[in-house]
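Presented below is the structure to which this report refers.
Derivation of every value follows stated rules applied to the coordinates shown; laboratory data play no part. Computed from a predicted structure; not experimentally measured. Reconstructed Cβ throughout: ideal geometry from the backbone, glycine too, with neighbour counts over all protein chains shown.
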Amino acid sequence: MSGQNVGNTALGAATCRLIEQYQPKHFRLFVDPVVGDLVGGLIRTLMRSAWMRRVAVRRMEGMLPGLYGAQVCRTRYIDDVVQSGTGHGIDQLVLLGAGLDTRPYRLPGVGGVTVFELDLPALQVRKQARLRNCLRSLPDNVRFVPVDFDVDDLGTILAKAGFDRSRPAVFVWEGVTQYITEARAQDADLRGRLRHRLYPRVHLCPTKRRRAPVTRSWSRCADGLLDR
Ligand SMILES: C[S@@+](CC[C@H](N)C(=O)[O-])C[C@H]1O[C@@H](n2cnc3c(N)ncnc32)[C@H](O)[C@@H]1O
């Protein structure tokens, strides 16, 4: 996949989060007041239409049944993991392949955490411009770290960005591994390196499973939207 197409995958995930904002309040898995600004004017305008949202979700379901629900359930699950970590005093958050992730700008408790947003440089430039538009300025606690996982050494890149490997951190690696070359994934085994070599103190936060979001089946999420 080309760099541009890989970047577009971030748009797809963010569009799911935007669509979720139109769910009834009692059914919505999370509140994201920033995502509309990040996806840009055209998608934001299109998604205001219930008909367009139905078309978008149907299209996703046609590609892979349960895709929409999978995206929003994983967002909520990871939100809970991050908040569990920050609630336990962890003050570093690393978003690997952050895309249009809005957690640093919407989750309570993340304001005091040093956040490392890692992604391809072109995507980061676009994201920062849109964030400046909606937030006026970028928060001091967020560091944008350009990277190409297929080429760069993660340890070196993070050290340069000021990551403190002597302190625990929450790492989020959401919807990214499928875009890294197989050779790279097998060669570097980034996951293993994170846990055992580079950062032996990486803390994987246990989360309490919350019944409602977890038991809501992925396809039912999509059906709920399609029915309205
Ligand atoms: C499907 S998006 C997921 C984005 C975000 N984590 C989310 O869940 O919304 C995949 C992300 O991985 C990034 N990515 C893919 N290959 C990459 C690479 N070789 N180096 C750095 N980032 C990469 C893309 O730019 C994109 O933002």
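Observations, loosely collected:
- For region 153-164, Karplus couplings with θ = phi - 60° (6.51, -1.76, 1.60), whole Hz, Gly/Pro x: 8, 4, x, 5, 4, 5, 4, 4, 7, x, 5, 9
- Between the beta carbons of ARG106 and THR156, assuming R0 = 25 Å, the FRET efficiency works out to 0.25 to the nearest 0.05.
- Taking amide H positions as modeled 1.01 Å from N, with prolines and chain starts lacking one, the residues under 5 Å from VAL142 and 5 or more places away or on another chain are VAL115.
- Spin-label pair ARG126-LEU64: with each label point 7 Å from Cα along the Cα-Cβ axis, the two points sit 2.0 nm from one another.
- Cα→Cβ-extended label distance, 7 Å offset, between SER166 and VAL55, nm: 5.7
- The C-alpha radius of gyration of region 73-198, expressed as a fraction of 2.2 N^0.38 Å, stands at 1.03.
- Packing, taken as the mean count of other beta carbons within 10 Å per residue, orders the peptides 27-39, 53-65 from highest to lowest as 27-39, 53-65.
- Burial ranking of peptide ranges 100-109, 136-145, 66-75, 82-91 (average Cβ count within 10 Å, highest at the top): 66-75, 100-109, 82-91, 136-145
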